[in-house]
Amino acid sequence: MADQQMQADESANDAPAHKVAIIGAGPAGLATARALRAMDVPFTVFEKHSDVGGIWDIENPGSPMYESAHFISSKTMSGHYGFPMPESYPDYPSNRQLLTYIRTFAETYDLRADIRFNTFVDNVERTANGWHLRTRSENDTSQEHNFRWLVCASGTNWLPNRPTLVGEDEFKGEVLHSVNYRDASMLRGRKVLVVGAGNSGVDIACDATANAESAYISLRRGYHFVPKHIFGMPADVFGARSNWLPAWLQQKTFGPLLRLLNGDLRRLGLPKPDHAVLSSHPILNSQLLHYLQHGDIAAKGAIDYLRGKQVFFKDGSSIEVDTIILATGYHWQLPYLPTDTFAWKHERPQTFLKIFNRNDPSIFINGYVETNGGAYKMFDDMAYLIANTINTQRKGGDAAERLAQFIQGPEPDLSGGVRYVESNRHSGYANQQAYGKAMRKMRRAMGWPDLSEDFYAGHPASAQIQTAN
């Protein structure tokens with residue numbers, strides 16, 4: 001009966017109640033739901049899959065997850081506010097442990113009751129009073145919904161960036177994007193080339209090294225490789241101890257440290273980085289350098305063209321392979337929105353503080369940000385600003401007017417003084433220290449207290465939660 005009433009309220013033709021639609025039940029969507037719940041703001045989450053978890057659920061159609069994937073930030077630095085990852089987890093949890101953590105988070109804060117699973121959001125339209133959503137359930141039943149506010153938390157890693165290689169049509173082997181890679185059984189007995197040295201690319205290259213007949217990795221440029229542990233501690237824990245330094249000074253000190261730890265990577269066939277350390281998203285991997293040092297995998301440069309089963313490179317060399325895996329990233333999108341809802345630049349939605357639409361104060365984004373640190377507390381901080389903003393807007397008055405003026409103010413510099421490499425991925429990159437400072441400035445301006453674990457008090461402590469190893 002309650003669900004029927006909720007549907008009736010959402011489907012009303014008159015002005016919608018003070019209610020929020022959240023699209024996506026991954027970590028960012030759940031963080032937003034928890035913050036709204038803490039401020040007694042009603043919401044409904046729409047999730048296309050049958051359970052929470054987003055990309056971390058390998059069974060979620062379209063997920064880029066693979067069996068060997070682990071978190072690239074440590075458990076110490078990565079948990080939600082008031083909900084640390086279990087001590088029983090290793091420094092870098094596996095994808096299955098992350099999924100357990102996410103689902104336990106949803107259960108602990110009683111978020112499932114307000115999530116509509118197996119529900120696709122086909123279309124969203126702006127109305128005079130808010131947002132009109134048209135959804136489709138797993139049996140293709142269409143429904144209409146009206147909401148006052150909309151939060152887009154559907155995630156970035158769903159639409160593969162799939163370049164076409166010269167000569168691919170006549171290539172005698174297999175070419176696939178990493179979104180279709182699942183486990184090492186796909187590589188056994190094959191000659192494998194992985195294209196791209198992002199964190200997924202180097203993971204898959206390591207899988208190929210241990211399982212394929214021969215393994216290669218193709219890089220167009222040089223990268224700085226950060227060991228997962230530095231002086232016996234997770235790399236991000238080590239880095240946090242120097243957060244009191246400005247980012248430019250961290251660059252000055254961390255670069256020589258990496259050269260001391262790794263040596264000159266050109267001796268392993270890797271190109272010399274053409275950018276300063278911390279100027280690109282970190283490649284956090286210890287295994288690839290190990291395999292390169294032992295000759296178990298070979299590094300190659302940029303691909304020129306394919307012919308037969310041969311891959312020819314720009315330097316004139318060639319190799320024979322059966323399988324090419326393109327770990328070439330993803331296009332960001334909000335496919336359910338009209339394209340002009342946000343301005344887009346370098347495939348990134350243009351927002352204030354990575355959250356707010358200057359042209360429409362009733363729509364928000366959470367999770368569409370590239371940064372150099374753990375994501376979940378950052379999602380919490382973003383969710384906290386969203387929840388406070390909605391709460392202020394629904395009350396109205398002088399505070400709401402002051403909030404509107406703040407969002408129309410100058411965009412803060414989120415680079416932290418770091419000059420990032422020129423690419424789509426880094427065009428809107430945010431240094432986590434600078435981003436935290438900018439969010440703190442907004443809280444101060446609005447008189448909102450800083451986010452702390454007390455904000456979510458009254459729920460079971462994570463130490464009491466049963467989690468799978």
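The values are calculated or read from the model by the stated rules, or taken from the named source; none is laboratory data. All values derive from a computational prediction rather than experimental measurement. Backbone-built Cβ (ideal geometry, glycine too); neighbour counts: all protein chains shown. Just the protein is used for accessible areas: all its heavy atoms, side chains included, with ligands, DNA and RNA removed. Shrake-Rupley method; radii C 1.70, N 1.55, O 1.52, S 1.80 Å.
So if I check each of Ala463, Ala434, which one is surrounded by fewer than 17 Cβ atoms within 10 Å (Cβ to Cβ), at pLDDT below 95 and part of a helix (DSSP H, G or I)? After ruling out the rest, the residue left standing is Ala463. Residues of the range 349-368 being open to solvent by 20 Å² or more (accessible area, probe 1.4 Å) and within 29 Å of Leu99 (Cβ to Cβ), which ones? Of everything in the range 349-368, those that are open to solvent by 20 Å² or more (accessible area, probe 1.4 Å) and within 29 Å of Leu99 (Cβ to Cβ) turn out to be Thr351, Lys354. Scanning the range 298-318 for residues that are within 17 Å of Arg190 (Cβ to Cβ) and either out of contact with any Leu (no Cβ under 7 Å at 6 or more places or on another chain) or surrounded by fewer than 19 Cβ atoms within 10 Å (Cβ to Cβ) (or both) turns up Ala298, Lys300, Gly308, Lys309, Gln310.
Filtering the range 322-375 to residues that are of a type in the set (Val, Ile, Thr), within 30 Å of Ala399 (Cα to Cα) and assigned to a strand (DSSP E or B) leaves Ile363, Ile365. Of the set (1) touching a residue at least 12 places away in the same chain (Cβ under 8 Å); (2) in a helix (DSSP H, G or I); (3) surrounded by fewer than 21 Cβ atoms within 10 Å (Cβ to Cβ), all apply to Phe238 but (1). Here the range 199-237 is the region considered, the condition is being in contact with a helix residue (DSSP H, G or I) (Cβ under 7 Å, 6 or more places away or on another chain) and of a type in the set (D, E, K, R), and the residue that is nearest to Asn262 (Cα to Cα) is Lys228. Against the condition open to solvent by 40 Å² or more (accessible area, probe 1.4 Å), modelled with pLDDT of 95 or more and either closer than 30 Å to Ser178 by Cβ or part of a strand (DSSP E or B) (or both), how does Asp91 come out, does it pass? Against the criterion (open to solvent by 40 Å² or more (accessible area, probe 1.4 Å), modelled with pLDDT of 95 or more and either closer than 30 Å to Ser178 by Cβ or part of a strand (DSSP E or B) (or both)), Asp91 qualifies. Restricted to the range 362-396, and to residues there that are touching a residue at least 24 places away in the same chain (Cβ under 8 Å) and small (Gly, Ala, Ser), the residue that is farthest from Thr32 (Cα to Cα) is Gly373. The residues listed here are Arg402, Arg425, Arg419; of these, the one that is open to solvent by 30 Å² or more (accessible area, probe 1.4 Å), in contact (Cβ under 8 Å) with a residue 12 or more places away in the chain and under 17 Å from the mean Cα position of the chain (by Cα) is Arg425. Can you confirm whether Leu165 is assigned to a loop (DSSP other than H, G, I, E, B), modelled with pLDDT of 95 or more, out of contact with any helix residue (DSSP H, G or I) (no Cβ under 7 Å at 6 or more places or on another chain) and open to solvent by less than 30 Å² (accessible area, probe 1.4 Å)? For Leu165, the condition - assigned to a loop (DSSP other than H, G, I, E, B), modelled with pLDDT of 95 or more, out of contact with any helix residue (DSSP H, G or I) (no Cβ under 7 Å at 6 or more places or on another chain) and open to solvent by less than 30 Å² (accessible area, probe 1.4 Å) - is met. Select from the range 358-369 the residues that are out of contact with any Phe, Trp or Tyr (no Cβ under 6 Å at 6 or more places or on another chain) and farther than 21 Å from Ala25 by Cβ and list them in ascending order. Hits for the range 358-369 are Asn359, Asp360, Pro361. Scanning the range 179-205 for residues that are in contact with a Leu (Cβ under 7 Å, 6 or more places away or on another chain), open to solvent by less than 10 Å² (accessible area, probe 1.4 Å) and within 20 Å of Trp56 (Cβ to Cβ) yields one hit, Val202.
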